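Engineer: Got a structure here, written out as structure tokens. Questions coming.
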Amino acid sequence: MHALIVVAHPDRASLTHAVVQKVSEGIAASDMARSFEIADLIAEGFDPRFTEQDFAAFGGGHALPADVLSEQSRLERADALVVIYPVYWWSMPAILKGWFDRVFTNGWAYDDRSGPDIVKMLGRLPIHLIAVGGADQRTYTKHGYFEAMRTQIDHGIFGYCGAPVETSEFLLPSESGFPGSLLEKARAIGHSIFASGGEPRFLRSGDHKQKDALLG
């Protein structure tokens with residue numbers, strides 16, 4: 001079983017990257033046969049801009065850009081996708097949104113060309129989302145940010161493609177023991193991504209009392 005971990009944060013010393021490290025440790029500790037690959041979008045220089053070539057490919061009949069094909073190949077090798085990111089303006093960083101814009105293409109992630117109904121093409125790929133926020137739980141709850149982010153990301157992106165969101169976690173600065181408690185939680189998530197027998201066992205947290213640093 002192999003996981004692709006996608007991260008979008010410019011500071012390798014950030015809490016977001018510490019979470020990536022702990023999730024990776026959890027995957028490795030769960031079974032020697034489990035593996036992972038880290039796609040550090042900023043370090044790798046991924047271009048998030050949706051260009052004329054991307055738009056031409058969207059309509060069909062034109063080849064996808066080489067970097068998009070490379071990212072799709074990574075996803076095709078994966079048995080699970082883990083997305084770890086800091087919350088910027090109550091959403092994901094622009095580079096990560098651009099990754100979805102360009103990589104989750106029509107005809108690969110979904111198909112809306114062949115008839116009136118959308119064909120969801122990523123049902124085989126379990127999704128694990130870990131958002132590292134800077135505000136406390138009260139702020140997210142008071143203003144409805146939990147629900148808003150899950151609507152636009154969990155449902156709007158992955159639901160559209162049929163990919164099951166099995167972990168949707170917000171790590172926030174609202175629990176004693178920070179940052180250790182948050183990193184322990186991250187390791188536990190990694191350990192749980194592939195359950196015994198090779199079948200994923202997923203965490204769907206309704207308790208957002210984890211901790212985090214300002215802006216990840």
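The values are calculated or read from the model by the stated rules, or taken from the named source; none is laboratory data. For clarity, every value in this text was computed on a predicted model and none was experimentally measured. Here the Cβ positions follow ideal geometry from the backbone for every residue, glycine too, while neighbour counts run over all protein chains shown. These area figures cover heavy atoms from the full protein model, side chains too; ligands, DNA and RNA do not enter into them. Shrake-Rupley method; radii C 1.70, N 1.55, O 1.52, S 1.80 Å.
Engineer: Which residues, counting only those in region 74-91, are open to solvent by 50 Å² or more (accessible area, probe 1.4 Å) and part of a helix (DSSP H, G or I)?
Structural biologist: E76, R77
Engineer: Only one residue in A186, A163, A135 is touching a residue at least 60 places away in the same chain (Cβ under 8 Å), within 30 Å of E25 (Cβ to Cβ), part of a loop (DSSP other than H, G, I, E, B) and of a type outside the set (S, T, N, Q). Which one?
Structural biologist: Only one candidate passes the filter, namely A163.
Engineer: What's the number of the condition D67 fails, among (1) touching a helix residue (DSSP H, G or I) at 6+ places or on another chain (Cβ under 7 Å); (2) in a helix (DSSP H, G or I); (3) of a type in the set (D, E)?
Structural biologist: Only one criterion in (1) touching a helix residue (DSSP H, G or I) at 6+ places or on another chain (Cβ under 7 Å); (2) in a helix (DSSP H, G or I); (3) of a type in the set (D, E) is unmet by D67, namely (1).
Engineer: Among the numbered criteria (1) within 18 Å of Y88 (Cβ to Cβ); (2) modelled with pLDDT of 90 or more; (3) touching a Gly at 6+ places or on another chain (Cβ under 9 Å), which one does G216 miss?
Structural biologist: (2)
Engineer: Looking only at residues in region 1-38 that are of a type in the set (K, R) and touching a residue at least 40 places away in the same chain (Cβ under 8 Å), which one is nearest to A131 (Cα to Cα)? Quick ask: steps written out before the conclusion?
Structural biologist: Quick first cut of region 1-38, residues of a type in the set (K, R) only: 12, 22, 34.
Now drop any that are not touching a residue at least 40 places away in the same chain (Cβ under 8 Å), which leaves 22, 34.
Values: K22: 14, R34: 23 Å.
That would be K22.
Engineer: Considering W99, W108, W89, which residue is at pLDDT 95 or above and either within 22 Å of A186 (Cβ to Cβ) or acidic (D, E) (or both)?
Structural biologist: W99
Engineer: Any idea which of F158, F104 is within 26 Å of D40 (Cβ to Cβ), of a type in the set (F, W, Y) and within 12 Å of the chain's Cα centre (by Cα)?
Structural biologist: Of F158, F104, the one residue that is within 26 Å of D40 (Cβ to Cβ), of a type in the set (F, W, Y) and within 12 Å of the chain's Cα centre (by Cα) is F158.
Engineer: Scan region 39-67 and report the pairs whose first residue is exposed (fewer than 14 other Cβ atoms within 10 Å of the Cβ) and whose second residue is basic (K, R) and at pLDDT 95 or above, with Cβ atoms within less than 7 Å and a gap of 6+ or a chain change.
Structural biologist: F50/R102
Engineer: Scan F170, F146, F178, F158 and give me the residue that is of a type in the set (F, W, Y) and open to solvent by 40 Å² or more (accessible area, probe 1.4 Å).
Structural biologist: F178
Engineer: Could you list all residues from region 103-123 that are touching a residue at least 24 places away in the same chain (Cβ under 8 Å), open to solvent by 60 Å² or more (accessible area, probe 1.4 Å) and either in contact with a Phe, Trp or Tyr (Cβ under 8 Å, 6 or more places away or on another chain) or closer than 17 Å to D79 by Cα (or both)?
Structural biologist: I118, K120, M121
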